[in-house]
Amino acid sequence: MIASVHGRVAAVSPDGAVVEVGGVGLSVHCTPGTIARLQVGENARLATSLVVREDSLTLYGFADDDERQLFELLQTANGVGPRLAQAVLAIHPPREVRRAVSTADVKALMQVPGIGRKGAERLVLELRDRLGVTSTDTALDGGAPAGLPAVAPVAPWRDQLAAALVGLGWSGREADAAVAELVPLAEEQVAATGAVEVAVLLRQALRLLGRS
């Protein structure tokens with residue numbers, strides 16, 4: 001089990017990064033939110049989960065240990081593999097996942113590509129008791145649920161997207177221009193689902209920059 005990696009970020013791509021550890025470059029699959037925090041040439045620590053298959057070894061990386069633990073817990077639900085578990089965390093931060101499951105917020109879970117109503121209901125049924133967090137467990141000041149580590153605030157979607165594009169090699173000016181073009185799409189997402197899907201915006205930004 002590789003629980004974490006710590007080293008220089010050698011490369012960043014839309015779906016992951018390469019981190020050099022002891023002279024070896026490890027390919028780590030990450031969510032857009034985690035990728036946005038990485039900068040090529042700088043050191044980084046990622047909590048990781050190694051998924052072993054008969055024909056592959058895949059390393060998934062996360063911003064912190066709490067996110068990794070939730071990734072592994074999600075996979076204990078019937079029909080949830082590593083890709084879908086990572087998709088959940090790409091759309092919702094850990095705190096929101098716990099809230100959605102504990103309060104049976106099926107609509108929030110259905111925002112994740114690949115999860116329909118039945119899948120969302122199954123997640124609630126199978127994981128609610130394991131998570132053990134309800135809306136009444138949150139601190140009065142709006143902090144993290146009792147007994148859980150504080151979650152660092154996630155940067156606004158514009159900052160996340162711009163940082164991810166710069167990390168992929170685009171200039172700050174190019175990144176800002178792409179972000180500006182995607183504002184209408186982000187507003188449509190908020191109107192439709194109540195949230196911004198950074199992963200979708202990142203893919204669209206890469207298409208825009210590729211055409212330019």
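Among A104, A100, which is the only one that is without any contact (Cβ under 8 Å) to a residue 40 or more places away in the chain, out of contact with any Pro (no Cβ under 6 Å at 6 or more places or on another chain) and surrounded by 19 or more Cβ atoms within 10 Å (Cβ to Cβ)? Quick ask: steps written out before the conclusion?
Details: A104 fails: surrounded by 19 or more Cβ atoms within 10 Å (Cβ to Cβ).
When all the criteria are applied, what remains is A100.
Go through (1) more than 17 Å from A90 (Cα to Cα); (2) open to solvent by less than 40 Å² (accessible area, probe 1.4 Å); (3) at pLDDT below 80 and name the single condition L208 misses.
Of everything listed in (1) more than 17 Å from A90 (Cα to Cα); (2) open to solvent by less than 40 Å² (accessible area, probe 1.4 Å); (3) at pLDDT below 80, L208 misses just condition (3).
Can you name every residue in segment 13-27 that is touching a helix residue (DSSP H, G or I) at 6+ places or on another chain (Cβ under 9 Å) and open to solvent by less than 10 Å² (accessible area, probe 1.4 Å)?
G16, A17
Could you say which residue among L38, L74 is under 25 Å from G169 (Cα atoms) and in contact (Cβ under 8 Å) with a residue 12 or more places away in the chain? Talk me through it step by step, then tell me what you get.
On the way: L74 fails: under 25 Å from G169 (Cα atoms).
It is L38.
Checking the condition under 27 Å from G16 (Cβ atoms), at pLDDT 90 or above, surrounded by 14 or more Cβ atoms within 10 Å (Cβ to Cβ) and among the basic types (K, R), which residue from R68, R122, R95 passes?
Values: R122 fails: under 27 Å from G16 (Cβ atoms); R95 fails: at pLDDT 90 or above.
Step by step, each of R68, R122, R95 is checked, and only R68 is under 27 Å from G16 (Cβ atoms), at pLDDT 90 or above, surrounded by 14 or more Cβ atoms within 10 Å (Cβ to Cβ) and among the basic types (K, R).
Condition check: under 16 Å from the mean Cα position of the chain (by Cα) and in contact (Cβ under 8 Å) with a residue 24 or more places away in the chain. Does L109 satisfy that? Talk me through it step by step, then tell me what you get.
Values: under 16 Å from the mean Cα position of the chain (by Cα): yes; in contact (Cβ under 8 Å) with a residue 24 or more places away in the chain: no.
Taking the combined requirement at face value, the residue does not satisfy it.
Could you check how many residues of segment 42-61 are assigned to a strand (DSSP E or B) and exposed (fewer than 11 other Cβ atoms within 10 Å of the Cβ)? Spell out the reasoning first.
Going residue by residue through segment 42-61, those that are assigned to a strand (DSSP E or B) are 43-53, 56-61.
From the residues that got through so far, the ones that are exposed (fewer than 11 other Cβ atoms within 10 Å of the Cβ) too are 52-53, 56-57.
Total satisfying the criteria: 4.
Collect the residues in segment 71-89 that are buried (at least 21 other Cβ atoms within 10 Å of the Cβ), within 15 Å of I35 (Cβ to Cβ) and of a type in the set (A, V, I, L, M), keeping them in residue-number order.
Result: L89, single match.
Within segment 158-179, is even one residue out of contact with any Cys (no Cβ under 8 Å at 6 or more places or on another chain), open to solvent by 70 Å² or more (accessible area, probe 1.4 Å) and modelled with pLDDT under 75?
So far as segment 158-179 goes, no, none of its residues is out of contact with any Cys (no Cβ under 8 Å at 6 or more places or on another chain), open to solvent by 70 Å² or more (accessible area, probe 1.4 Å) and modelled with pLDDT under 75.
The values are calculated or read from the model by the stated rules, or taken from the named source; none is laboratory data. Note that the structure is predicted; figures quoted are calculated from it, not measured. When we count neighbours, we look across all protein chains shown, and the Cβ atoms used for this are built from the backbone with ideal geometry, even at glycine. Each accessible area value is taken on the protein alone, full model and side chains, heavy atoms only, with ligands, DNA and RNA left out. Shrake-Rupley method; radii C 1.70, N 1.55, O 1.52, S 1.80 Å.
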